[in-house]
Amino acid sequence: ESFSSIKSKYLESKINTNFEIVKFQLFRQQLNGGIEDTCVATVLSADGNYVPYASANNASKINAGLDIIRTLQKINDVKAPIFIDNAESTVRFLNVDSQLIRLYVSEQDTNLRIEKGE
């Protein structure tokens with residue numbers, strides 16, 4: 001059991017080094033000392049603590065998704081455009097090496113408007 005505990009901590013640590021604001025809890029210590037497989041994504045909040053993805057605000061969820069996409073693109077050596085819906089809820093986007101297509105809601109525009117950014 002000691003070996004399993006050390007191995008699971010090492011594996012979790014090794015995987016989490018690939019992400020900037022997302023950390024995965026892949027194993028949980030049970031009361032009887034055993035290790036249970038789990039997969040809980042947590043996101044770095046503004047106060048410096050990690051919160052479960054489900055409890056994060058919309059901007060944090062968008063940036064967590066960008067962090068995961070960026071890591072998968074790097075690992076698989078693939079680049080693809082990324083569509084971000086509800087982009088109006090996010091002030092700062094995580095830096096990714098892909099084209100970001102941001103969809104905003106606007107009460108002023110009655111027709112689809114396309115703007116070229118950075």
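The values are calculated or read from the model by the stated rules, or taken from the named source; none is laboratory data. This structure is a prediction, so every number in the text was calculated from the model and none was measured. With ideal geometry, Cβ positions are generated from the backbone for all residues, glycine too; neighbour counts draw on all protein chains shown. To get the accessible areas, we keep the full protein, side chains included, count just its heavy atoms, and leave off ligands, DNA and RNA. Shrake-Rupley method; radii C 1.70, N 1.55, O 1.52, S 1.80 Å.
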(request) For V105, indicate whether it is farther than 17 Å from K23 by Cβ, in contact with an Asp or Glu (Cβ under 9 Å, 6 or more places away or on another chain) and surrounded by 13 or more Cβ atoms within 10 Å (Cβ to Cβ). (result) no
(request) Give me a count of the residues in the range 89-108 that are under 24 Å from N49 (Cα atoms) and not β-branched (V, I, T). (result) 5
(request) Within the range 58-75, identify whether any single residue is part of a loop (DSSP other than H, G, I, E, B) and either over 24 Å from E115 (Cβ atoms) or among the β-branched types (V, I, T) (or both), and answer yes or no. (result) no
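Residue-by-condition table, conditions (1) among the polar types (S, T, N, Q); (2) closer than 21 Å to N86 by Cβ; (3) exposed (fewer than 14 other Cβ atoms within 10 Å of the Cβ):
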position: G34; (1), (2), (3): no, no, yes
position: A46; (1), (2), (3): no, yes, yes
position: Y53; (1), (2), (3): no, yes, no
position: G65; (1), (2), (3): no, yes, no
(request) Look through the range 70-95, keep the residues that are aliphatic (A, V, I, L, M) and crowded, with 16+ Cβ neighbours inside 10 Å, and return whichever of them is modelled with the lowest pLDDT. (result) A87
(request) Only residues in the range 42-57 that are over 14 Å from Q25 (Cα atoms) count as the first member; pair them with residues that are open to solvent by less than 90 Å² (accessible area, probe 1.4 Å) and in a strand (DSSP E or B), Cβ under 6 angstrom, at least 6 apart or cross-chain, and list the lot. (result) S45/V51; A56/V43
(request) Could you please tell me which pairs satisfy a Cβ distance under 6 Å, a separation of 6+ or placement on different chains, a first residue in the range 70-90 that is touching a residue at least 12 places away in the same chain (Cβ under 8 Å), and a second residue that is small (G, A, S)? (result) K79/S98; I82/S98; S89/A59; T90/A59
(request) Could you please find all residues in the range 1-32 being surrounded by 12 or more Cβ atoms within 10 Å (Cβ to Cβ), of a type outside the set (A, V, I, L, M, F, W, C) and either out of contact with any Gly (no Cβ under 9 Å at 6 or more places or on another chain) or part of a strand (DSSP E or B) (or both)? (result) K7, S8, K9, E12, N16, N18, E20, K23, Q25, R28, Q29
(request) Evaluate the following for V96: is it under 14 Å from the mean Cα position of the chain (by Cα) and assigned to a strand (DSSP E or B)? (result) no
